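Report on the structure given below.
All of the numbers you see were taken from the coordinates with simple rules; none came from a lab. All values reported here derive from a predicted model rather than from experimental measurement. All Cβ positions, glycine included, derive from the backbone under ideal geometry; neighbour counts span all protein chains shown.
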Amino acid sequence: MRALLRRLVRDPSGSMTILSLYFLAGLLAVSALAIDFAYLLAARNQLQVAADAAAHAAIYYRETNPSSDAKLKAVELAQHAMPASEYGTVLRAEDVEFGHWDYATRTFTPDPYSLDAVRVRPGRTAARGNAVSAHLFKMVGEPFWDLAAQAVFVGFRPHCFREGFVGEDVVDVQSNNGFQDGFCIHSNRYVSVNSNNTWEAGTIVSMPDSSEVDLPRSGFETNEGLQAALRNGQYRLRILNKLERIHDDLYLASGSYLPNYVSGSAPIILSSKKLGTTDFLPGRVHRVTCSGQSVTIEAGSVLQYVVMVTDCPVKFGQGVTLEDAVIFTRSTDDKSVYAASSLQIGKNDNCATGGGAQIITYGGMDVPSDLRFFGGQVIAKGPVSFSANAGGIQGASIVSGSTISGTSNMTMGFCDNGMEDNFEAPYYRLAY
């Protein structure tokens, strides 16, 4: 018996089994820690997704519903993504701040009256009573973990909508045109150009697929600078969805879209369908209603500091000038706005601040001869067709829900100033 025991003690077989058990235990422990870490990482990502969605909801809702509490909308969305019954209160109203974002320093400055940016900071923490429960980390004295996230959304105005031509359908420009630094042409379908156009450095020509730009056989050889100007991109024409709200503000002479040169007094009702300079009172809104008729602005008229709202097609006589003026028609005709020649939109003030003018239509616009922009804007749901005087475009914005067609011998420049009264819709992007 003693000999048998001595042999068992000295026999090394089976020792690796015991060592393997130690290795297995260690491997299981590391695997469990990895699972815990992955669980915490997933919880953090879930919180970040909720932060991103809530921030976007807050800034969008504040812009579209300025009288409502956008903070509560952000909290509502966060609770929908992470119900309180399961995750506790991940976002509170005080976790939502409006303010300004500095891209250079990547810092956020709170400002409760700002529409520029919003910061949202949800969390699952012990202080909120909803810290994330770990499993194996309990063994090292860390049963609960605090997690936090942050999202900053900012509003911006795309460059092309401030000065440039933007069309939902084809944007077509012909020959012998000059496009100066800063000017932009965009189509959500494709851009078509003819020959002998010049595109300065800094111009932009964009469409969803820039390889689909429509060119003559001579291609880029007769469109100097075009190849460098091409960009890929697509925009939702959000301003078209705001036309009803713009109309109501102008029609009622009250609201955020009413130009500051209007006093806000009761609108003036005009019964005549043939109007001139003296029919308009500066600082007031004018309504013109007609059935199956059109309203004509007499040749040579100068409309300053006035708004006209109508459901009629509008015809401009030769040489009409709009300065600090808005013309809005709900007519849906393809030529709901028509000018014989020499229509000037905006004040010829060498790109000085102010003096801009806007034409808005539910239909289209056609100016067959000598259209001039000086800090002017056209917004149309329908097609826009025009000819411009060489050297006469300084500060031009056209947005069409259809096609834009421009002819030859135009110089399209970029002002930067004088476009302050443009009707715009903000776009949003995640900054942090």
Along principal axes, Cα extents of the stretch 153-236, largest first, whole Å: 44, 23, 17
At q = 0.14 Å⁻¹, base-10 log of I(q)/I(0) for the chain (Debye sum, equal scatterers on each alpha carbon): -1.20
Estimated FRET transfer efficiency when R0 is 30 angstrom, pair Phe37-Arg157 (beta carbons, to 0.05): 0.10
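Give me the net charge of Ser291's neighbourhood, meaning all other residues with Cβ under 13 Å from the Cβ of Ser291; Lys, Arg count +1, Asp, Glu -1.
Working: positive: Lys273, Arg330; negative: Asp311.
Cβ neighbours under 13 Å give a net charge of +1.
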Candidates Phe179, Phe220, Phe161: whichever shows maximal mean-square fluctuation once the chain is modelled as a Gaussian network with Cα springs under 10 Å: Phe220
Given charges at Cβ of Lys, Arg, Asp, Glu: the chain dipole, positive-most of Ile345, Gly363, Asn196: Gly363
Cut-off under 5 Å, modelled amide H: who pairs with Ser206 long-range: Ile185, His186, Ser187, Arg231
Gyration tensor (alpha-carbon) shape descriptor, the stretch 249-292, a/c threshold 1.5: oblate
25 Å tail of the calculated P(r), the stretch 273-432, as % of Cα pairs: 24
Fully extended contour minus Cα-Cα distance, from Asn348 to Arg238, at 0.36 nm per residue: 36.7 nm
Cut-off 11 Å (backbone N to label point 7 Å along Cα→Cβ of Ser175), residues of the stretch 395-432: 408-409
Full-extension gain in nm, Glu86 to Arg429, via 0.36 nm per residue minus C-alpha separation: 120.5 nm
Measure of compaction for the stretch 298-378 (Cα Rg per 2.2 N^0.38 Å): 0.99
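Between Ala127 and Thr105, what length comes free when the chain is fully extended (0.36 nm per residue of separation minus the Cα-Cα distance, one decimal in nm)?
On the way: separation 22, 0.36 × 22 = 7.92 nm, distance 3.02 nm.
Contour length minus the Cα-Cα distance gives 4.9 nm.
Let a ≥ b ≥ c be the square roots of the eigenvalues of the Cα gyration tensor of the stretch 57-131; is it rounded (a/c under 1.5), or, if not, prolate (a/b larger than b/c) or oblate? Walk me through the intermediate numbers first.
Working: a/c = 2.73, a/b = 1.46, b/c = 1.87.
Oblate is the answer for the stretch 57-131, as a/c is 1.5 or above yet b/c matches or exceeds a/b.
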Cα-based Kirkwood hydrodynamic radius, the stretch 219-264, one decimal, Å: 14.1
Gaussian network model of the chain, springs between alpha carbon atoms under 10 Å - residue of Val132, Val205, Val152 with greatest fluctuation: Val132
Reduced Cα scattering model of the stretch 182-310, Debye log10 I(q)/I(0), q = 0.18 Å⁻¹: -0.87
